Every structure is written in structure tokens, then in C-alpha cells.
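Only one structure is covered here, and it is reproduced in the block below.
The values are calculated or read from the model by the stated rules, or taken from the named source; none is laboratory data. Here the structure is a predicted model, which means the values were calculated and not measured. Heads up, the Cβs are rebuilt from the backbone with ideal geometry, glycines too, and the neighbour counts pull from every protein chain shown.
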Amino acid sequence: MVYVFSVDCSIRNMNDSAKRSLQRLLRRIPFRMLKTSLDKWERLTAEQRRAIDLTPTKRDLIQEILSLCEENKWTEKHIAELQMIYVAENSDQDMWHTYQLVDPDDDARSVDLIQFKEQFKSHFREVQRNVFVKIRKHTDEAVWIRIAWGEGLSPPNNLRASYVVHHLQTPYVYVSSLSSKHKPLLLQALAFSTRHRGIKDANLSGRKLTALRDLLMRQYQHVFTTKFPSPLKEQNQSPLIEKEQSGPSAKRHRMAIEAFGEGALPAIQTAVYKLETKFKDPTNETMTERDEPFRCAVKFSSTNLLESLRSCASSGIASTPLTPLLSSIPLKGRNYFVITDNAPSACSQMSQTKN
């Protein structure tokens, strides 16, 4: 379903704009994925799909599809559909930021897709009309929203659209390509259409959308216990085996499982710790005597950071038990932390909100 709010421009200009948007989008889609994306688009007839020649260069193929654009009189609405298909299938190419809906109304869990669309549309009509919005339900039941923003009297910029992904009846929303200027408006619309009184930064971001969702929705084997049970001993078990199981290696493995659980972990790729603490080093009086806090940022990176941390703890590369600063990533579903001094004591605490 598509919501197109009033935009004052001629049909000719809209077609020119659609052609430019389509040309840029086709250049972005890898050649090997073009046919699949066009088939899912369902805007070409079966005869037109068969007639497309995939053997020439990508430049020639783009020109052929642009000719079909003029022939079929496609508009920005149709191009937006193709772009959403591509982004949904290649979500790892963008940076996603997570937000959490808070203070739900009594009927928040009863909001269905139709109600969500109507409320979202109503809010934008009241506060800003010069936008182009498309909402569709993906195969995994997620609601995808594409928003092209207009500036002043200019038409919406479909080349730089924002994307929102939300599973209804869950408290989390994933957003990409959103400017700070449009952030308050979008967050207000999301809270309003889901019947919540507020929405806040969840301090979790990354390129792998599925990993963010799996971490927050606990869609992985997570066993976080304070005491890891010892395995049952087999009868007549060798004393050497018992010694091996109770040795330092087994203890490190148990602690690693306590911190991160078992099985495959979501592929969170980074974690950032922003320090705002008092500098403590008796050998450096100049820094220690400063009244203002010492500020710096520490970033951990890996193709799968949680797997790497668990492996380091289990193998002895990292000391165990792991510091709560690291084990809090899966426990709290965050990868951004602000560490401050907890006055008057000397210990540090992790801030609950992102500055």
C-alpha cells in the first residue's frame, strides 16, 4: 500500500524524476541480481521479462529498462517498489539504528497493520505534507516503511530515502538513512501509530539488521546462568578425564558460556565504550589532579564480536570471569555504553542513555 501526499509538480517532471531514480537504482543493483529483482518487482509483463537481453553490458541493459520505463509510464511510486525490494534483500549495505518504544497504551498490543498505516498517514498529514511514503509487509512479517522527504516547496527527494523496519507488537524499531532534521518527526509518528507515549534510543546499531533483531528478540540460544551446572559423571569414568573436566580449561569454558550462552550468536560487529571518568594513575599527577573527567572512546570490531569474545574467554586469551562491560552486550542488547564515575565511590558505572 502506498501513501503519496500532495506534491505540486507536472506529470512530465514526475516521469523525468522517476527515470533518474530508476537509472541510479539500476546502477546500484549488481548485474547478477538484476533479473531476480525485476522478477520480484512484478511491474514488467511476462513478455517484457522474456524480451530483456541479459547478455550485453550492464549499461546497455539499463538503457533497455529505461526505455520500458517510458513505455509503461512508470512513476516514482513504481520505482519506490523496486528500491524497497532491493534494500530489503540487501539490508546489510546500510547502517541501522535501533529505537525502543516505551510507555504503551492499554490497546497497544491490538494495533494491526491497517490501523498502523492509517495512524502513520494521519500524523504525517498533520505535520508535513511534502513527503512520499510507501509501506509494505515483508515476507518475514516485518513492516517496511520508505520515506522520501521534501524540502520547502521542492518535491520529495527519492534518491535519499529513509527506511524503517518494525515488527508489530514488539517494542523495537530499526531505522536507516535518517537525518537529524527529520528524526523528531519520524519518532513522533512511530510512537503515535503504535500507541506508545514515547520512544528512545536503544543504544544498538550495526549493518546486519537480522543480527540486531536476533539480539533484541532473543532469537538465539541464550543460557545466562549464575552457576553453570556440572555434567553428570559417567560410571567408571577415568580419573584423567575427571581431572581434565575440572581443570582451568573447563572452568574458562563454563565462564564463557555463562557470559554469552551456547550456540551461534548474532553477528554484532562493533561495540563502543565512551569513557567520561576521572583519570587514575599515581605516576601521573598532572592528569590525576585535573577536575574535569578524562574522555575517550574505545571501539571493538569483529565480523562477529560476540563469538570472538566468547572464544577469547574460553581459550584464555581474555581473563575470566569477563568484565560486565563486555558481557552486558548480550544481556542488555546494546553495543554503545557511556562509562562514568559513580561518585562518591571510585567504581565506574555504565550510563543508561546515549549522549
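Observations
- Residue 38 at pLDDT 85 or above, surrounded by 15 or more Cβ atoms within 10 Å (Cβ to Cβ) and within 25 Å of the chain's Cα centre (by Cα): no
- Evaluated against (1) in contact with a helix residue (DSSP H, G or I) (Cβ under 6 Å, 6 or more places away or on another chain); (2) under 28 Å from residue 23 (Cβ atoms), residue 133 falls short on exactly one condition, (1).
Results for (1) touching a Phe, Trp or Tyr at 6+ places or on another chain (Cβ under 7 Å); (2) of a type in the set (Val, Ile, Thr); (3) not assigned by TED's automatic domain parsing to the domain that holds residue 296, shown as yes or no for each residue.
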{"position": "264", "(1), (2), (3)": "yes, no, no"}
{"position": "267", "(1), (2), (3)": "no, no, no"}
{"position": "270", "(1), (2), (3)": "yes, yes, no"}
{"position": "277", "(1), (2), (3)": "yes, yes, no"}
{"position": "282", "(1), (2), (3)": "no, no, no"}
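- Among the helices (runs of 4 or more DSSP H) confined to region 245-329, the ones with at least 3 residues that are among the aliphatic types (A, V, I, L, M) are located at 248-260, 305-315.
- Subset of region 136-175 [in a loop (DSSP other than H, G, I, E, B) and either within 18 Å of residue 196 (Cα to Cα) or not assigned by TED's automatic domain parsing to the domain that holds residue 20 (or both)]: 167, 168, 169, 170, 171
- Scanning region 100-115 for residues that are closer than 18 Å to residue 210 by Cα and either free of Cβ contacts under 8 Å to residues at least 40 places away in the same chain or not hydroxyl-bearing (Ser, Thr, Tyr) (or both) turns up at least one hit.
- Scanning region 105-122 for residues that are modelled with pLDDT of 90 or more and either part of a helix (DSSP H, G or I) or crowded, with 17+ Cβ neighbours inside 10 Å (or both) returns 108, 109, 110, 111, 113, 114, 115, 116, 117, 118, 119, 120.
- Across region 282-333, the qualifying residues are those that are over 22 Å from the mean Cα position of the chain (by Cα) and among the hydrophobic types (A, V, I, L, M, F, W, C), and the one among them that is modelled with the lowest pLDDT is 287.
- Qualifying residue in region 146-156 (condition: of a type in the set (A, V, I, L, M, F, W, C), in contact (Cβ under 8 Å) with a residue 24 or more places away in the chain and closer than 21 Å to residue 41 by Cβ): yes
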